[in-house]
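Worksheet for the structure shown next.
The values are calculated or read from the model by the stated rules, or taken from the named source; none is laboratory data. A quick note: this is a predicted structure, and the numbers were derived from the prediction, not measured. Heads up, the Cβs are rebuilt from the backbone with ideal geometry, glycines too, and the neighbour counts pull from every protein chain shown. Remember, those area values only see protein heavy atoms, side chains included, never the ligands or the DNA or RNA. Shrake-Rupley method; radii C 1.70, N 1.55, O 1.52, S 1.80 Å.
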Amino acid sequence: MLTAMSAQPALRAPSVHRLPRARLVDRTEELRRIVRGRTVVDLGFVDEGQITPKRARSTWLHETIRAEARAVVGVDADAEGVEEARQLGFDARVADVEDPVSLAALGLEGAEVVVAGELIEHLDQPGAFLEGVKLLLAENGVLVLTTPNGHALTNVLGGIAGRELVNPDHVAWFSWRTLVTLLGRHGWQLDSLAYYTFPKVEGGARAPRVLFSLYQAALRPVFRLRPNLADGIVAVARLV
């Protein structure tokens, strides 16, 4: 028989959340600062077959990380891309970042920083990923996630224009709150939060590139005032 107390409906958590204070940062410079002088595992580092063109523009994140870190290992499921990186002299391994067994088989020592740059929004099983990453982390190490911001002003403006601005390989949008919830379900806590604007567009027709650059410049004062409206999130998490 239900008691009077147990018959009461469970208290529901609020659905409206006050956003925490956060900084507006340059994504690359923020990652440079975090990895500097540390051991790093860089997940999804191949960047969808863009090694050669990004190296030509000096925008390949993995190369930037290697220049700052004490030691770095790149891990990706793209065997062809991993082999290309090896031929260029990088320490690179093949593994499925959503499979803890695959990650454990690498036999890597725990790193002080695990970087997952623009990766989690591509994954079918982000929870499995957050479990598997634990195997790659040294004691007191941190996981650094960067991901497009579902709360971004650009998304709102795109919707008003009847457009969705999203990479065709993405399967999810994240915000501060959804990241905190997902991390918490898998034993992580958010250590710090920042937002970044997209860098200038390198490819495509000139007119859209110029317009986007002008748009970003015009809105920078807005993003400084409200960083949560910027294009992407940099989240640093630790194990609880």
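General remarks:
- Taking amide H as placed 1.01 Å from N in the peptide plane, Leu119 has its amide H under 5 Å from the amide H of Thr146, each at least 5 places away in sequence or on another chain.
- Legend: residues His151, His170, His62, sorted from most to least accessible area (1.4 Å probe; ligands, DNA and RNA excluded), read His151, His170, His62.
- Model label zone, Phe212; criterion: amide N under 19 Å from point 7 Å along Cα-to-beta-carbon; scope segment 12-40: 25-29
- Surrounding net charge for Phe174, when Lys and Arg each add one and Asp and Glu each subtract one, Cβ distance under 12 Å: -1
- For the chain, calculated [θ]222 nm from helices alone, where every DSSP H run of n ≥ 4 adds -39500 (n - 2.57): -9500 deg cm²/dmol
- In this label model, Glu83 and Ser58 are separated by 3.2 nm, measuring between points 7 Å along each Cα→Cβ vector.
- Gyration tensor (alpha-carbon) shape descriptor, segment 63-125, a/c threshold 1.5: rounded
- Residue order by solvent-accessible surface for Ser58, Ser175 is Ser58, Ser175, largest first, with ligands and nucleic acids left out and a 1.4 Å probe.
- Couplings 3J(HN,Hα) for segment 183-192, derived from phi with the Karplus relation 6.51 cos²θ - 1.76 cosθ + 1.60 (θ = phi - 60°), are 4, x, 5, 10, x, 10, 10, 6, 9, 7 Hz, where x marks Gly and Pro.
- For Glu63, the shell of other residues with beta-carbons less than 12 Å away shows a net charge of +2, using +1 for Lys and Arg and -1 for Asp and Glu.
- Sequentially through segment 30-39, phi angles give Karplus couplings (6.51, -1.76, 1.60; θ = phi - 60°) of 5, 5, 4, 4, 5, 8, 4, x, 10, 7 Hz, Gly and Pro residues having no value and appearing as x.
- Sequence-distant residues sharing a close amide H with Val142 (under 5 Å, placed H): Val113, Val114
- Listed values for segment 157-163 are Karplus-derived 3J(HN,Hα) couplings in whole Hz (6.51 cos²θ - 1.76 cosθ + 1.60, θ = phi - 60°), namely 5, x, x, 4, 7, x, 10, and x replaces Gly and Pro.
- Residue-count net charge about Pro100 - beta-carbon cut-off 14 Å; Lys, Arg +1, Asp, Glu -1: -3
- Close amide H partners of Gly74, meaning residues 5 or more places away or on another chain with modelled amide H under 5 Å apart, are Asp42, Asp91, Ala92, Arg93.
- Subtracting the Cα-Cα distance of Arg18 and Asp169 from their residue separation scaled by 0.36 nm leaves 51.3 nm.
- Once the 1.4 Å probe is applied to the protein heavy atoms, segment 81-240 comes out at 50 Å² accessible per residue.
- Remark: the chain is approximated by an ellipsoid whose semi-axes, taken from the C-alpha gyration tensor as √(5λ), come to 30, 27, 16 Å, largest first.
- The loop-placed trypsin sites (Lys or Arg not before Pro) in segment 123-231, going by DSSP, that have at most 14 neighbouring Cβ atoms within 10 Å of their Cβ come out as Arg163, Lys200.
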